[in-house]
1. Please find, among GLU200, GLU171, GLU214, the residue that is modelled with pLDDT under 75, of a type in the set (Asp, Glu) and at negative phi.
2. Out of (1) surrounded by fewer than 19 Cβ atoms within 10 Å (Cβ to Cβ); (2) within 21 Å of GLN147 (Cα to Cα), the odd one out for SER97 is which?
3. Would you please list the contacts, defined by Cβ atoms under 6 Å and residues six or more apart or on different chains, that run from a residue in the stretch 65-91 that is more than 20 Å from VAL36 (Cα to Cα) to a residue that is open to solvent by less than 30 Å² (accessible area, probe 1.4 Å) and in a loop (DSSP other than H, G, I, E, B)?
4. Yes or no: TRP193 surrounded by 14 or more Cβ atoms within 10 Å (Cβ to Cβ) and at pLDDT 95 or above?
5. What's the number of the condition ARG187 fails, among (1) exposed (fewer than 14 other Cβ atoms within 10 Å of the Cβ); (2) within 21 Å of HIS85 (Cβ to Cβ); (3) under 16 Å from the mean Cα position of the chain (by Cα)?
6. Within the stretch 122-148, work out how many residues are open to solvent by 60 Å² or more (accessible area, probe 1.4 Å) and at pLDDT below 85.
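The values are calculated or read from the model by the stated rules, or taken from the named source; none is laboratory data. Bear in mind that the values here come from a model prediction, so they are computed numbers and not experimental data. A quick note on method: Cβ atoms are made from the backbone with ideal geometry, for glycine too, and the neighbour counts reach across all protein chains shown. Please note that ligands, DNA and RNA were not included when accessible areas were found on the heavy atoms of the full protein model with its side chains. Shrake-Rupley method; radii C 1.70, N 1.55, O 1.52, S 1.80 Å.
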Amino acid sequence: MCERYVLQRDVDELVAEFEVEEPALGPGGAASPADVVPGARPPVVLERFRKGEPDAPPSRSLRALSWGLVPPGARDASAGPAAAHVRAEALLREPSSAPAALARRCLVPVDAWYQRRADGEPRGAQSAVSAADGSVLSLAGVYEFWQDPARAPGDPARWLVSFALVTTAAEPGPDRLRGRVPLVVPRDLRDAWLDPTLDEAEDVAALLDALSRERAGTALRTHPVPPPGA
């Protein structure tokens with residue numbers, strides 16, 4: 001499972017790469033720390049309709065969201081970091097992720113993610129997985145809004161916006177990655193994944209199938225790295 005990833009692009013690069021119209025993050029500077037772990041607030045690309053403008057097209061933005069999905073009905077946010085992933089096969093079935101899968105999909109930019117290697121490797125062995133051409137990868141995600149009942153209605157900190165990565169089974173091969181891996185969204189399917197008008201279950205299921213078929217066409221490279229703290 002992907003338990004951490006790296007993003008070292010600055011905000012301006014991400015705005016250009018993902019054709020963002022409304023960056024909520026300031027221009028210039030690093031978009032996130034080098035290592036991102038559950039509970040951190042990395043930049044995420046999402047597309048939403050503007051409030052009060054029902055006839056306007058959706059707007060694409062870059063926002064810092066909390067990694068670890070907290071569903072609207074949660075009592076508190078403590079379980080968020082443990083819900084950093086959702087399985088693609090269960091995305092449309094689980095009550096905690098199905099509403100987001102239909103209406104709140106996002107893209108998570110990464111330079112590389114870290115993955116445990118297959119059984120038989122040294123304990124704690126990991127691989128860094130990145131695009132073969134060095135470009136930024138976009139991983140499939142879903143996001144949700146949660147209101148903290150302990151805060152006053154007018155408190156801007158009352159709202160927590162969180163996300164989870166969508167994962168799929170690792171493909172067998174020479175890289176010998178273990179378990180589940182993030183679902184990579186190729187460039188030609190980014191618009192469809194973000195599109196909030198694509199909100200029927202059968203259409204989202206078809207899109208997930210297309211992502212599964214096309215992931216073999218995304219050229220990735222892996223190289224072993226020491227475990228954290230080594």
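1. Working: GLU200 fails: modelled with pLDDT under 75; GLU214 fails: modelled with pLDDT under 75.
When all the criteria are applied, what remains is GLU171.
2. All conditions pass for SER97, except number (1).
3. ALA88/LEU183; LEU91/SER97
4. On the way: surrounded by 14 or more Cβ atoms within 10 Å (Cβ to Cβ): yes; at pLDDT 95 or above: yes.
Criteria met by TRP193.
5. Status for ARG187: all satisfied but (2).
6. Just the residues of the stretch 122-148 that are open to solvent by 60 Å² or more (accessible area, probe 1.4 Å), to begin with: 122-123, 133, 147.
This time we only want the ones that are at pLDDT below 85, so: 122-123.
So the answer is 2.
This table checks each residue for (1) within 22 Å of VAL184 (Cβ to Cβ); (2) touching a Phe, Trp or Tyr at 6+ places or on another chain (Cβ under 9 Å).
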| residue | (1), (2) |
| --- | --- |
| ARG48 | no, no |
| PRO58 | no, yes |
| GLY68 | yes, yes |
| ARG104 | yes, yes |
| ASP111 | yes, yes |
